[in-house]
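This report refers to the structure that appears directly beneath it.
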Amino acid sequence: MTARRAPAVAGVILTHGAGSDKDHTMLLAIEERLAPLPVVRMNFPYRDKPGKRPPDRAPVLLAALHAELDALCERLGVSSDRIVLGGRSMGGRMCTMVAAEPTPLAGVIPISYPLHPPGKPEKLRVEHLPDIVAPCLFISGEKDPFGSPDELRAATATIPGPVEHHWVPGGHDFKKSDAEVCDVIHDWIGRLG
């Protein structure tokens, strides 16, 4: 008897960081690199309101991400276990929180995961990580003030699902790494099924 291979990834949803939106250059580059795979770059609700606003609270962000996930699954005629969620910083954290629920996903790609506020390593945002069973690809800067490579490795060691890390030069908003990040994501998604 042979092992059952996971179904191929049918689509990807990308989320933005707190101070950005769905048109962040990295998200645009990822979408282009993954073509023709369907990619949805979504805005969280506060970004679509007039004026400068702070991010919504987590329940609102999570509800918006679930709505986008449901809509993409319906449009593609697939279940959520064929969708990859990915996002930068706050958006990536929201993706991991959805993955920690009983929501089957093909994979999760947190980019610049905000492990803790800068200078406050005691305020870890990790309570949900042990509930993630989906494959994860964490992409972070080697000098990210929101979490060093050693801190992130230690935190993600609690995830029971398969975890990979990719480090790029720079901090939280690493520059000039879009092509490298896109290639790493493309290759990783290709190995999922």
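If you go through region 86-113, how many residues are assigned to a loop (DSSP other than H, G, I, E, B) and crowded, with 22+ Cβ neighbours inside 10 Å? Give the derivation first.
We begin by selecting, within region 86-113, every residue assigned to a loop (DSSP other than H, G, I, E, B); these are 89, 101-106, 112-113.
Now drop any that are not crowded, with 22+ Cβ neighbours inside 10 Å, which leaves 89, 105-106, 112-113.
Final tally of qualifying residues: 5.
Where residues in region 3-45 are charged (D, E, K, R), farther than 21 Å from Pro114 by Cα and loosely packed, with under 15 Cβ neighbours inside 10 Å, which of them is modelled with the lowest pLDDT?
So the first thing to find is which residues in region 3-45 are charged (D, E, K, R), and the list is 4-5, 21-23, 31-33, 41.
Now narrow it down to the ones that are farther than 21 Å from Pro114 by Cα: 4-5, 31-33.
Subsequent filtering for residues that are loosely packed, with under 15 Cβ neighbours inside 10 Å retains 4-5, 32.
Numbers: Arg4: 43, Arg5: 47, Glu32: 97.
So, considering only residues that are charged (D, E, K, R), farther than 21 Å from Pro114 by Cα and loosely packed, with under 15 Cβ neighbours inside 10 Å, the one modelled with the lowest pLDDT is Arg4.
Among the listed residues Asp23, Asp81, Asp56, identify the single one that is touching a Phe, Trp or Tyr at 6+ places or on another chain (Cβ under 6 Å) and either of a type outside the set (Ser, Thr, Tyr) or in a loop (DSSP other than H, G, I, E, B) (or both).
Asp56 is the lone residue from the list that is touching a Phe, Trp or Tyr at 6+ places or on another chain (Cβ under 6 Å) and either of a type outside the set (Ser, Thr, Tyr) or in a loop (DSSP other than H, G, I, E, B) (or both).
Considering (1) within 15 Å of the chain's Cα centre (by Cα); (2) not in a strand (DSSP E or B), say which one Asp144 fails and leave the rest.
All conditions are met except number (1).
Can you find even one residue in region 166-188 that is over 15 Å from the mean Cα position of the chain (by Cα), closer than 19 Å to Asp81 by Cβ and of a type outside the set (Val, Ile, Thr)?
Scanning region 166-188 turns up no residue that is over 15 Å from the mean Cα position of the chain (by Cα), closer than 19 Å to Asp81 by Cβ and of a type outside the set (Val, Ile, Thr).
Tell me the residue from Glu151, Glu122 that is farther than 22 Å from Leu62 by Cα and modelled with pLDDT under 95, please.
Working: Glu151 fails: modelled with pLDDT under 95.
Exactly one of Glu151, Glu122 is farther than 22 Å from Leu62 by Cα and modelled with pLDDT under 95, namely Glu122.
Would you check which residues across region 144-184 are farther than 22 Å from His128 by Cβ and hydrophobic (A, V, I, L, M, F, W, C) and list them?
Trp167, Val168, Phe174, Ala179, Val181, Cys182, Val184
Are any residues in region 154-185 modelled with pLDDT of 95 or more, part of a helix (DSSP H, G or I) and surrounded by 15 or more Cβ atoms within 10 Å (Cβ to Cβ), and if so, which ones?
Ala155, Thr156, Val181, Cys182, Val184, Ile185 - these are the residues of region 154-185 that are modelled with pLDDT of 95 or more, part of a helix (DSSP H, G or I) and surrounded by 15 or more Cβ atoms within 10 Å (Cβ to Cβ).
Scanning for something in contact with a Ser or Thr (Cβ under 7 Å, 6 or more places away or on another chain) and either without any contact (Cβ under 8 Å) to a residue 60 or more places away in the chain or on the phi > 0 side of the Ramachandran plot (or both), does region 8-27 turn up at least one residue? Outline the logic, then answer.
Residues of region 8-27 that are in contact with a Ser or Thr (Cβ under 7 Å, 6 or more places away or on another chain), as a first pass: 17-18.
If we keep only those that are either without any contact (Cβ under 8 Å) to a residue 60 or more places away in the chain or on the phi > 0 side of the Ramachandran plot (or both) as well, we get none.
No; the residues of region 8-27 include none that is in contact with a Ser or Thr (Cβ under 7 Å, 6 or more places away or on another chain) and either without any contact (Cβ under 8 Å) to a residue 60 or more places away in the chain or on the phi > 0 side of the Ramachandran plot (or both).
The values are calculated or read from the model by the stated rules, or taken from the named source; none is laboratory data. This structure is a prediction, so every number in the text was calculated from the model and none was measured. Virtual Cβ from ideal backbone geometry, glycine too; neighbours counted across all protein chains shown.
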